[in-house]
1. Go through (1) more than 54 Å from the chain's Cα centre (by Cα); (2) modelled with pLDDT under 95 and name the single condition His70 misses.
2. Scan region 171-219 for residues that are polar (S, T, N, Q), under 33 Å from the mean Cα position of the chain (by Cα) and open to solvent by 70 Å² or more (accessible area, probe 1.4 Å) and jot them down.
3. Please work out which one of (1) touching a Leu at 6+ places or on another chain (Cβ under 7 Å); (2) under 30 Å from Gln145 (Cβ atoms); (3) polar (S, T, N, Q) is the condition Thr171 fails and give its number.
4. Just for region 258-275: of the residues that are in contact with a strand residue (DSSP E or B) (Cβ under 6 Å, 6 or more places away or on another chain) and either assigned to a loop (DSSP other than H, G, I, E, B) or of a type in the set (Asp, Glu) (or both), which one is most open to solvent (accessible area, probe 1.4 Å)?
5. Quick one: what pairs do we get from region 294-314, first residue of a type in the set (Asp, Glu), second part of a strand (DSSP E or B) and surrounded by 15 or more Cβ atoms within 10 Å (Cβ to Cβ), C-beta under 7 Å, 6+ apart or different chains?
6. Look through region 220-254, keep the residues that are in a loop (DSSP other than H, G, I, E, B) and under 30 Å from Gln206 (Cα atoms), and return whichever of them is most open to solvent (accessible area, probe 1.4 Å).
7. Which condition number in (1) on the phi > 0 side of the Ramachandran plot; (2) open to solvent by less than 50 Å² (accessible area, probe 1.4 Å) is the one that Leu308 fails?
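The values are calculated or read from the model by the stated rules, or taken from the named source; none is laboratory data. Keep in mind that this is a model prediction, so the values were computed, not measured. Cβ placement follows ideal geometry from the backbone for every residue including glycine, while neighbour counts extend to all protein chains displayed. Ligands, DNA and RNA are excluded from the accessible area calculation, which covers all protein heavy atoms including side chains. Shrake-Rupley method; radii C 1.70, N 1.55, O 1.52, S 1.80 Å.
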Amino acid sequence: MQQTPHNPDRRRSKTVWLLAAALGAAGAAYWLADRPGRQQESGQTGKLEPQPVSVATGQTRRGDMPIYLHGLGSVTPLQTVTLRSRVDGELVKVAFSEGRNVRQGELLAEIDPRPFQVQLEQAQGQLLRDEALLKNAELDLARYQTLLEQDSIAAQQTATQAALVKQYRGTVEIDRAQVENAKLQLAYTKISAPISGRIGLRLVDQGNMVRASDANGLAVITQMQPISVVFTLPEDQAPAAMARWRSGTALEVEAYDRAGQQKLAVGKLLAIDNQIDPATGTLKLKAIFDNPDHTLFANQFVNVKMRLDILRDAVLAPNAAIQQGAGGAYVYVVNADNTVSVRQVKTGAASGETVSIIDGLDAGQTLVVDGADRLREGAAVNIAERPAPVAAAPQP
């Protein structure tokens with residue numbers, strides 16, 4: 001049997017390959033064996049430590065908190081009068097300035113009085129004539145009665161004269177009424193303010209003919225002081241409002257602008273309606289305001305806050321700290337070591353950015369108010385200051 005000749009180059013290549021593999025295995029073993037040491041030298045342990053979460057915090061405190069009921073309303077004047085003429089004629093004088101305050105009884109406009117003065121003089125003349133006829137008839141009646149006693153005249157003539165006297169007396173009474181009516185019509189030519197308030201824009205200019213049947217009138221006067229606000233509350237808040245109303249306690253009412261930011265006026269509750277509107281499920285209430293600065297205008301929309309009660313010596317917390325979960329309300333309390341704990345709480349009445357805590361917290365505790373969505377029980381936190389509100393640009 002013939003043997004295959006031995007190849008020295010092939011044996012050499014195999015030896016080199018085996019040597020390289022051995023060196024690679026040795027290097028890998030050394031790297032793996034020395035890795036913990038290198039990690040310790042570089043300060044790494046092989047497990048990433050969680051970074052503290054940046055949060056903003058707020059403090060709980062003890063104090064008094066007013067309890068408010070919130071509603072929507074509109075300003076309603078106690079009196080609004082459309083200034084109208086009660087006679088027909090030419091408007092010869094406008095004595096008021098638009099938009100200013102007027103007093104009750106103040107002269108505002110005048111209609112041409114000459115036609116009504118003539119009517120008065122005619123009525124007065126008619127009265128004088130009929131009074132003279134009455135006096136003459138009374139004198140004749142007196143003579144007839146004397147002659148009747150002497151049996152010198154017929155009784156029928158005396159009776160007829162007595163009836164004539166009564167007729168003239170009736171005519172005189174009619175004439176006197178016509179005189180008074182003419183005086184009244186003449187007085188109507190001067191239009192005075194029936195109430196005190198602010199007068200609006202003029203609707204008719206001087207020189208125009210005005211009539212008692214005109215629909216628009218001359219101007220509108222609105223009582224500004226005091227003024228009322230009619231607002232509504234949900235029907236589920238009606239029992240609490242009625243209970244305070246029946247107690248005789250004066251309920252303070254605050255009116256705010258449409259945005260609910262600027263307080264316009266402070267007044268008190270005046271009346272409560274006797275029924276709930278079934279269409280809206282709300283109860284109407286009326287509050288009265290002195291309105292010294294005329295900040296409330298008729299038909300103005302306002303947000304209303306009615307102070308129902310004051311919660312005394314309560315634990316108060318920022319409303320932003322309250323979280324809601326499956327188990328109810330809870331907060332994140334910041335511990336002394338800058339970790340957080342989950343605390344179940346029972347909340348009470350709220351007002352603006354503050355809520356009262358019935359159970360679960362005490363005064364002086366630090367709560368997370370911003371950044372709570374990234375927290376869990378025992379998480380480390382880094383307390384950051386809350387950003388200051390941006391100041392409004394000054395108005396030119």
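1. Looking at each condition in turn, His70 falls short on (1).
2. If the condition is that a residue be polar (S, T, N, Q), under 33 Å from the mean Cα position of the chain (by Cα) and open to solvent by 70 Å² or more (accessible area, probe 1.4 Å), then Asn216 is the only one that fits.
3. Of the numbered conditions (1) touching a Leu at 6+ places or on another chain (Cβ under 7 Å); (2) under 30 Å from Gln145 (Cβ atoms); (3) polar (S, T, N, Q), the odd one out for Thr171 is (1).
4. Arg258
5. Asp309/Ile67
6. Gln225
7. Looking at each condition in turn, Leu308 falls short on (1).
Conditions tested, residue by residue: (1) assigned to a loop (DSSP other than H, G, I, E, B); (2) surrounded by 17 or more Cβ atoms within 10 Å (Cβ to Cβ); (3) touching a residue at least 12 places away in the same chain (Cβ under 8 Å).
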site	(1), (2), (3)
Ala317	no, yes, yes
Gln324	no, no, no
Val331	no, yes, yes
Ala336	yes, no, no
Val340	no, yes, yes
Arg343	no, no, yes
Gly348	no, no, yes
Ser356	no, yes, yes
